[in-house]
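Nothing in this text is a laboratory measurement; each read-out follows from the coordinates by a stated rule. Since the structure is predicted, the reported quantities are computational estimates derived from the model, not experimental observations. Cβ atoms come from the backbone with ideal geometry, glycine included; neighbour counts cover every protein chain shown.
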Amino acid sequence: MKFWNNLIQGIDRIANWIIKSSAELLEPLKSIDNKLTKEENYIANEEPIKKINNLASLMLHENEDRNKLIIQNIGLEPCYIKLDSEVSKDDFHFVLAPDTSLAFGNGGSINLDNWHGEVYAICEKETKLSVLEY
């Protein structure tokens, strides 16, 4: 009987040691897994619809945290976009074609990765732009 009691106690000590060791070994692996897992969290800008008119407008301020910028013309007028300095109808980087119907979703658009600087816009009359930065 003593043999069996000692054997059961020994097995219990080994099982407890394995459980304790496993927890200590798994903790660093959990932190590695969290670093390797792609985080899908981002905070988009709060006011995604911008009204642009015939006066040069600073549409977006410099933002070092910006990873991506998407601008789409959802208005009925062409829109001129310039990066980092004031825009005019004769001095611009991009022209976004107008939408075929207000907010129909087929107006011109641009996608910029890692652009952190200012963005300016102007158009002939009033138009609307959908702007997403994150």
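General observations
- Working from label points 7 Å from Cα in the Cα-to-Cβ sense, the Asn5 to Asn63 distance is 7.2 nm.
- Amide H to amide H distances under 5 Å link Asn67 with Tyr134, where only residues 5 or more positions off or on other chains count and H is placed in the peptide plane.
- In segment 49-133, inverting the average of 1/r over every pair of distinct C-alpha atoms gives 12.4 Å as the Kirkwood radius.
- Lysine pairs with alpha-carbon atoms under 17 Å apart, segment 49-133, spacing 8 or more or separate chains: 11
- Between Glu47 and Ser21, the simple spin-label model (points 7 angstrom out along Cα→Cβ) gives 6.2 nm.
- Separation of the Arg13 and Leu102 label points, Cα + 7 Å toward Cβ, nm: 8.3 nm
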